[in-house]
Amino acid sequence: MSSWRVLGLISGTSMDGIDIAVAELSATGGRAAELRPCGSTEVAYPAELRRRLLAALPPAQLDAREFCVLDTEVGRAFADAARHGIAEFGDVDLIASLGQTLYHWVEDGRARGTTQLGQPAWIAEATGLPVIADLRARDVAAGGQGAPLAGVLDALWLADRPGPSIALNIGGIANITVVGGPEPLAYDTGPGNALLDAAATRVTGGATASDVGGLIAADGRVHRELLARLLADDYYRAAPPKSTGKEHFNADYLASAVRDVDIGGPDLLATLTELTAATIADACHRHGPRQVIASGGGVHNPTLMAALRERLRGGRTATDVELHVSDDLGLPAAGKEGYLTALLGWLTWNGLPGNVPGTTGADGPRLLGAITPGTRPLRLPEPASEPVHRLRITHPTTPLEAE
């Protein structure tokens, strides 16, 4: 297979902006692939669009007109982001978009449907390039959770590391991928930044939408009774694979939890920080990992990372679990979800499955997504003859492989 430059676009559950990453991807033989990060960045949503997106989250009622407007406006924002990425990192061959998740329908532990905003026609029209989007729905139709798709990258990337290893992403929702067991396993552990963001908005009267640097939480103390109440949520005891989102862990959920609790802002943020750390660490300890490799916005919160590091010490394992960030292995933490999206697009473009059934619970491997043609007639490459089983992250000079 030839080398392809792919631009990946995604906005996470925090809805604070659009992640952009450009990767050069190629198959190297021996069922291996190579990903060279070419650059990543983030662009913020227009303030009014972000406000409307947050206002559309459950339990809000969304009419057809507003849904159409949001799908269009997010598509236009993604188109602008794609042009920004091309201007900054150079021309690309195709674009992959995971869009903006608005709702993830889970009932009785099974994903029944999933909705991502961001009409890809706007991206194709703005760039003239083919766009691969709607990357979750096929996995859900095949009995999977449709999330976390990060397990695809992680299972390939960490395949050669001594295991078990866990890749952790701390976005609005936190998820892990366990590699090195009988088969890769991935699932959402619960809230990452979702409740922290809701609490920061609540205690600052909307002056800030997040606890930047964990500074508010650092001034507080954990409210043990509230923490115990939050930890009693049935989601944490559900068996994987499983997925969740802001349809569950949202501002109304937080308001209900603290309704009869006398607690100040710093103590509330400290308690929610501990909740995120505890639920991630508990999930990790179940799999006896040697190391946890973290990425996502949460790695920039020193208070959260310190709480997580403390929770990972000892626990249910005989030895401490090492906590790293993905940059240590050559994959920039800030751009990891963008590079994941680029990888998913490359897999589909080359006729390769984009899901790992053990990580989503799907009935089998599936080709993911739908392709919107660009300006030129659509010409797909010859499908790959065999799937890839490992992924090497390289840079222009020295390849960085797992040792």
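The values are calculated or read from the model by the stated rules, or taken from the named source; none is laboratory data. Worth saying up front: this structure is predicted, and the values here are computed from it rather than measured. As a convention, Cβ positions derive from the backbone with ideal geometry for all residues, glycine included, and neighbour counts pool all protein chains shown. Areas reflect the complete protein model, heavy atoms only, side chains present, ligands, DNA and RNA absent. Shrake-Rupley method; radii C 1.70, N 1.55, O 1.52, S 1.80 Å.
Entry remark, the range 284-308: residues being surrounded by fewer than 18 Cβ atoms within 10 Å (Cβ to Cβ) and either over 20 Å from Ala150 (Cα atoms) or among the polar types (S, T, N, Q) (or both) number 2 in total.
All told, Ala342 falls short of being open to solvent by 10 Å² or more (accessible area, probe 1.4 Å) and within 19 Å of the chain's Cα centre (by Cα). Going by the structure shown, is Val22 under 26 Å from Thr375 (Cα atoms), under 20 Å from the mean Cα position of the chain (by Cα), surrounded by fewer than 24 Cβ atoms within 10 Å (Cβ to Cβ) and aliphatic (A, V, I, L, M)? No, not satisfied. For the criterion of being assigned to a strand (DSSP E or B), open to solvent by 20 Å² or more (accessible area, probe 1.4 Å) and either under 26 Å from Tyr235 (Cα atoms) or of a type in the set (S, T, N, Q) (or both), Thr41 passes. Condition first: out of contact with any Cys (no Cβ under 6 Å at 6 or more places or on another chain), modelled with pLDDT of 95 or more and open to solvent by 60 Å² or more (accessible area, probe 1.4 Å). Can you find one or more residues in the range 312-320 that meet it? Within the range 312-320, not a single residue is out of contact with any Cys (no Cβ under 6 Å at 6 or more places or on another chain), modelled with pLDDT of 95 or more and open to solvent by 60 Å² or more (accessible area, probe 1.4 Å). Does Thr28 qualify as being out of contact with any Gly (no Cβ under 9 Å at 6 or more places or on another chain), modelled with pLDDT under 90 and at negative phi? Here the answer is yes, as Thr28 does meet what is asked. Taking the conditions (1) at pLDDT 90 or above; (2) open to solvent by 10 Å² or more (accessible area, probe 1.4 Å) in turn, Ile166 satisfies each one other than (2). Scanning the range 1-19 for residues that are more than 29 Å from Ala55 (Cα to Cα) and in a loop (DSSP other than H, G, I, E, B), we see that the one that is least open to solvent (accessible area, probe 1.4 Å) is Ser3. Whenever a residue of the range 378-403 is open to solvent by less than 90 Å² (accessible area, probe 1.4 Å) and among the small types (Gly, Ala, Ser), its partners that are modelled with pLDDT of 90 or more and part of a strand (DSSP E or B), lying with C-beta atoms within less than 8 angstrom and at least six residues away or across chains, give the pairs Ala384/Ala27. Out of the residues in the range 184-232 that are open to solvent by 50 Å² or more (accessible area, probe 1.4 Å), part of a helix (DSSP H, G or I) and of a type in the set (A, V, I, L, M, F, W, C), which is farthest from Ser11 (Cα to Cα)? Across the range 184-232, the extreme among qualifying residues is Ala228. Any residue that is at pLDDT 95 or above, closer than 29 Å to Ala27 by Cα, surrounded by fewer than 18 Cβ atoms within 10 Å (Cβ to Cβ) and not β-branched (Val, Ile, Thr) - is there at least one of those in the range 99-120? Looking for residues that are at pLDDT 95 or above, closer than 29 Å to Ala27 by Cα, surrounded by fewer than 18 Cβ atoms within 10 Å (Cβ to Cβ) and not β-branched (Val, Ile, Thr), one finds none in the range 99-120, hence no.
Close contacts from the range 323-336, counting a first residue that is open to solvent by less than 20 Å² (accessible area, probe 1.4 Å) and a second that is of a type in the set (D, E, K, R) and assigned to a helix (DSSP H, G or I), with Cβ to Cβ under 9 Å and a gap of 6+ residues or different chains, come to Ser326/Lys336; Ala333/Asp327. When the residues of the range 72-96 are filtered to those that are open to solvent by less than 30 Å² (accessible area, probe 1.4 Å) and not small (Gly, Ala, Ser), which remaining residue is nearest to Thr13 (Cα to Cα)? Among those residues, the one meeting the criterion is Val74.
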